[in-house]
Amino acid sequence: MTPRADAVEKVTGRAAYGTDRVPDGLAHAALVPARIGRGRVSQVDTAAAEAVPGVLLVVTRFDETELRGPGFIMGGGFSFQSLQPLLDDRIAYRGQPIALVVAETPVAATEAAELVTARYEPEPVAVHLDAEGATTLVQEEAIPLPFLADIKVGDADAAIDASPVRIEGTYEHAAQHAVPMELNGAVVAWRGDTLVVHEGTQNAAAVRHGLARQLGLDPACVEVRSPYVGGGFGQKNSLQPHLAPLALVAKRLGRPVKLVLTRTQTFHNGSFRPATRHRVRLGADETGKILGAVHEVDQQTSRHDLFPAMHTEVTSRLYGFPAFRGRHRLVQTDVQTPGYMRAPFESSAMFAFESAVDELAYATGRDPVALRLANDTMTDPVSGRPFSTRFLAECLRRGAEDFGWAARDPRPGSMRADDGSLIGWGVAAGNYPGHIAPAVAHLTATADGRVTVGVDGHEMGQGIRSAIALLVADDLGIDVRDVEVRVGDTRYAPQHLTAGSWGTATALPAVHSGLRELRRHLDAADRGAVDVAAAVARLGHPAEVEVATVGPGQPPEAVGQARAGHLAISGPVYPEFSTFSWVAHFVEVRVEPTTCRIRVPRVVSVVDCGRVASPVTAASQVRGGVVWGIGGALREESLADPRSGGFLNATLEEYPVMVNADVGRIDVGFVDEPDLRFNPVGVKGLGEVAMVGVAAAVANAVHHATGKRHHRLPIRIDDVL
Ligand code: MOS
């Protein structure tokens with residue numbers, strides 16, 4: 001198997017991440033966080049900070065003529081939130097920056113930042129879904145956009161009321177924060193009138209166009225370079241609020257400036273997975289055939305932005321529902337705006353929904369796998385269109401086979417290990433919408449036989465470089481080492497957002513189309529190996545082509561929208577079909593009877609992501625998703641402070657994530673059937689579907705082990721005792 005394209009650079013430490021850059025004259029910045037959760041800052045005292053040796057600048061406020069708001073990414077803007085800190089005296093959430101310190105060294109900047117003091121006029125905070133002062137809005141009224149409207153197929157409530165078997169439950173999912181290896185941060189430098197930004201981001205285009213808007217620059221004068229991202233997961237999907245202030249102080253000082261947030265600061269200055277509450281109702285006949293389903297969700301947002309909830313987009317497509325009703329409400333609280341975090345809605349939605357489906361299996365006496373197979377469908381219940389491909393049944397059958405599901409005794413508490421531990425086997429399915437974004441691909445073939453590809457995409461470790469390099473190498477019959485892939489850099493392609501698992505299905509069709517064009521240019525046949533060196537020699541100069549592609553049925557104008565740094569995605573409903581990726585997870589838990597410690601010794605996951613573009617990175621991506629899903633089920637929870645706002649456990653000591661010792665065996669299988677209706681390469685998304693359903697499978701396995709249903713994540717020892 002071909003290893004990942006970035007393997008050598010990464011293991012040798014040569015891969016340079018955004019803040020690894022050390023330009024001459026680099027100055028270092030630090031943020032000063034607000035110590036109240038809401039209110040006003042009436043006075044900031046910077047004297048002690050300014051007296052620290054090496055301090056160059058302490059800024060507490062920018063002028064609206066030099067710094068404009070970035071706009072909310074889901075409202076036509078560029079940032080995860082509309083609020084730009086350091087523009088006025090309002091404090092909307094704990095940890096909001098009230099000053100920016102720049103010094104000769106990071107140590108001096110940090111010391112000075114800690115010496116900045118402030119006087120506040122605090123106001124009461126509401127940080128939980130049920131808090132007094134939290135405001136609940138019906139999403140379809142608050143954000144009247146067609147794709148956010150409530151889902152209504154048939155009369156689900158009546159169908160459930162008339163059903164012989166009914167399941168009803170409320171499920172809670174904690175807020176969570178991404179804790180990537182690479183902290184949020186950037187190195188910014190001015191080269192004449194051009195602003196150069198080195199930053200780990202999933203959206204170099206939004207950084208470029210957002211900074212241009214905030215600072216009044218020509219977007220052509222903002223260069224963004226993000227060749228590697230040390231974990232994006234959605235938190236790095238947009239312009240960060242500290243960047244424009246950083247650019248302004250770099251200009252004032254005439255020096256490059258670097259800022260790296262602390263781990264605690266990323267809990268307050270980056271987006272996070274909002275807390276949600278799910279109410280699920282199912283009605284079925286005695287055989288477990290589902291007759292109606294209702295999924296209602298309350299999701300936390302901030303006061304200043306409405307982060308849209310899209311949980312029912314996936315649950316409404318999971319099975320062949322004759323009737324389905326989905327509804328979202330948004331609860332405004334005193335936090336920074338929450339946002340996307342790997343499988344942002346799907347993971348929590350599926351915990352709730354697939355827990356309820358498991359309860360239905362027990363209520364009807366059906367095997368949980370058989371019940372899911374009996375409710376399979378090839379038609380999207382919402383759009384009425386066929387799924388372009390759907391191999392969920394195959395995922396369930398293969399997963400059951402590989403896991404050894406047939407040996408399961410369905411009675412809870414019936415299976416024990418030699419050491420006395422209770423064994424639980426659980427299953428859950430999952431899905432994720434199939435999106436495609438516009439992409440521009442620029443291909444150059446040179447006389448040395450090499451091909452260079454610049455394309456929209458960001459390498460977050462998911463393996464997009466490997467997938468692109470393999471496609472080019474296979475297509476032209478050249479060595480994969482003769483392919484150079486340039487992503488995440490505005491010098492080579494527009495760099496529209498890479499997220500929502502659309503990276504591969506976006507970049508690969510663009511590169512595929514570029515390859516057809518390149519072959520014509522080189523006078524080569526449309527298929528078969530190409531002697532690139534000889535063809536370029538015949539041509540007499542390097543061959544260069546540029547193509548732009550969009551999703552199925554997407555208007556060509558979408559390319560311009562993407563070039564301007566705005567979201568421009570298509571799917572999952574297309575003119576002729578609907579597209580989703582599918583997965584089935586089988587989980588074994590062992591519950592130690594005295595301590596009730598829960599271990600997960602093995603998982604089998606089988607995925608339908610269309611054609612597998614890069615086997616090594618694809619399998620890694622699924623393992624990563626499974627590990628995170630287990631972490632979500634058993635470990636992760638951001639604890640908001642009801643008295644003074646903010647998140648209390650904002651460190652890796654107190655926000656436990658899965659570590660190697662927590663992870664057992666994870667077997668990954670792929671159906672590997674190309675989805676050629678979706679795009680000519682046949683690839684669908686993978687990164688997020690990998691995680692969807694894992695938490696439900698864990699919770700279902702815990703129920704099988706102990707007989708106890710858990711309606712709230714994470715499931716901790718004291719919940720099982
Ligand atoms: Mo992802 S949470 O869409 O970066």
Review point. Quick one: how many residues across the stretch 221-240 are more than 16 Å from the ligand (Cβ to nearest atom) and open to solvent by 10 Å² or more (accessible area, probe 1.4 Å)?
Key: 4
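Residue by residue, here is whether (1) outside any loop (DSSP other than H, G, I, E, B); (2) under 24 Å from ALA134 (Cβ atoms); (3) touching a residue at least 12 places away in the same chain (Cβ under 8 Å) holds:
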residue	(1), (2), (3)
PRO3	no, no, yes
ALA15	no, no, yes
GLY37	no, yes, yes
LEU56	yes, no, yes
Point to revise | Selection count where residues are under 23 Å from the mean Cα position of the chain (by Cα) and either open to solvent by 10 Å² or more (accessible area, probe 1.4 Å) or among the polar types (S, T, N, Q) (or both), scope the stretch 243-276 | key: 11
Practice item. Look through the stretch 241-254, keep the residues that are touching a Phe, Trp or Tyr at 6+ places or on another chain (Cβ under 7 Å) and not hydrophobic (A, V, I, L, M, F, W, C), and return whichever of them is nearest to the ligand (Cβ to nearest atom). Key: PRO245
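Need a quick list: strands (runs of 3 or more DSSP E) entirely within the stretch 276-348 having at least 1 residues that are within 16 Å of the ligand (Cβ to nearest atom). Outline the logic, then answer.
Working: elements: 276-284, 290-302, 324-333.
The qualifying strands (runs of 3 or more DSSP E) are 276-284, 290-302.
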Review point. So, of the residues in the stretch 674-714 that are more than 16 Å from the ligand (Cβ to nearest atom) and of a type in the set (Lys, Arg), which turns out to be least open to solvent (accessible area, probe 1.4 Å)?
Key: ARG709
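Would the stretch 155-168 turn up any residue that is exposed (fewer than 15 other Cβ atoms within 10 Å of the Cβ), in contact with an Asp or Glu (Cβ under 7 Å, 6 or more places away or on another chain) and not aromatic (Phe, Trp, Tyr)? Steps first, please.
Just the residues of the stretch 155-168 that are exposed (fewer than 15 other Cβ atoms within 10 Å of the Cβ), to begin with: 155, 157-158, 161-162, 164, 168.
Then keep just the ones that are in contact with an Asp or Glu (Cβ under 7 Å, 6 or more places away or on another chain); that gives 164.
Next, from what is left, pick out any that are not aromatic (Phe, Trp, Tyr): 164.
Yes, the stretch 155-168 contains at least one residue that is exposed (fewer than 15 other Cβ atoms within 10 Å of the Cβ), in contact with an Asp or Glu (Cβ under 7 Å, 6 or more places away or on another chain) and not aromatic (Phe, Trp, Tyr).
Please verify whether the stretch 658-673 includes one or more residues that are farther than 20 Å from PRO509 by Cα, more than 16 Å from the ligand (Cβ to nearest atom), assigned to a helix (DSSP H, G or I) and touching a residue at least 24 places away in the same chain (Cβ under 8 Å). I'd like the intermediate steps shown before the answer.
Step one: filter the stretch 658-673 for residues farther than 20 Å from PRO509 by Cα, giving 658-671.
Remaining after also requiring more than 16 Å from the ligand (Cβ to nearest atom): 658-671.
With the extra rule that they be assigned to a helix (DSSP H, G or I), the set shrinks to 660-662.
Now narrow it down to the ones that are touching a residue at least 24 places away in the same chain (Cβ under 8 Å): 662.
The answer is yes, given that some residue of the stretch 658-673 is farther than 20 Å from PRO509 by Cα, more than 16 Å from the ligand (Cβ to nearest atom), assigned to a helix (DSSP H, G or I) and touching a residue at least 24 places away in the same chain (Cβ under 8 Å).
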Study note, to complete from the structure: Of those in the stretch 457-477 that are touching a helix residue (DSSP H, G or I) at 6+ places or on another chain (Cβ under 6 Å) and either at pLDDT below 95 or in a loop (DSSP other than H, G, I, E, B) (or both), the residue nearest to the ligand (Cβ to nearest atom) is GLN462
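If you scan the stretch 277-309, which residues turn out to be within 30 Å of PRO180 (Cα to Cα) and open to solvent by less than 30 Å² (accessible area, probe 1.4 Å)? Step through it out loud before you land on a result.
Keep residues of the stretch 277-309 that are within 30 Å of PRO180 (Cα to Cα), which gives 277-278, 297-309.
Across the stretch 277-309, the qualifying residues are HIS278, VAL297, ASP298, GLN299, GLN300, THR301, SER302, ASP305, PHE307, PRO308, ALA309.
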Study note, to complete from the structure: Note: among ALA445, ALA534, ALA543, ALA469, just one is open to solvent by less than 40 Å² (accessible area, probe 1.4 Å), over 20 Å from GLY565 (Cα atoms) and free of Cβ contacts under 8 Å to residues at least 24 places away in the same chain, namely ALA534
Point to revise | Single residue of the stretch 182-211 satisfying the filter (of a type in the set (A, V, I, L, M), within 21 Å of the chain's Cα centre (by Cα) and crowded, with 24+ Cβ neighbours inside 10 Å) that is farthest from the ligand (Cβ to nearest atom) | key: ALA186
Revision key, fill the gap. Note on ASP718: of the conditions (1) assigned to a helix (DSSP H, G or I); (2) open to solvent by 10 Å² or more (accessible area, probe 1.4 Å); (3) touching an Asp or Glu at 6+ places or on another chain (Cβ under 8 Å), unmet is (3)
Check your understanding: Of the residues ALA701, ALA661, which is farther than 30 Å from ARG516 by Cβ, modelled with pLDDT under 95 and of a type in the set (Gly, Ala, Ser)?
Key -> ALA661
Review point. Which residue pairs have Cβ atoms closer than 9 Å, lie 6 or more positions apart in sequence or on different chains, and pair a first residue in the stretch 685-713 that is basic (Lys, Arg) with a second residue that is within 16 Å of the ligand (Cβ to nearest atom)?
Key: ARG712/HIS173
**Study point:** Residue under evaluation VAL8, criteria (1) of a type in the set (A, V, I, L, M, F, W, C); (2) open to solvent by 70 Å² or more (accessible area, probe 1.4 Å); (3) in contact with a helix residue (DSSP H, G or I) (Cβ under 9 Å, 6 or more places away or on another chain), criterion not met
**Key:** (3)
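To keep it simple, each residue is scored yes or no on (1) open to solvent by 50 Å² or more (accessible area, probe 1.4 Å); (2) over 15 Å from GLU111 (Cα atoms); (3) of a type in the set (Ser, Thr, Tyr).
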| site | (1), (2), (3) |
| --- | --- |
| ASP24 | yes, yes, no |
| HIS28 | no, no, no |
| VAL32 | no, no, no |
| ARG35 | yes, yes, no |
| SER42 | yes, yes, yes |
| GLU50 | yes, no, no |
| LEU56 | yes, no, no |
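The values are calculated or read from the model by the stated rules, or taken from the named source; none is laboratory data. This structure is a prediction, so every number in the text was calculated from the model and none was measured. Here the Cβ is made from the backbone with ideal geometry for all residues, glycine too, and neighbour counts use every protein chain on show. Side chains included, ligands, DNA and RNA excluded: accessible areas come from the protein's heavy atoms. Shrake-Rupley method; radii C 1.70, N 1.55, O 1.52, S 1.80 Å.
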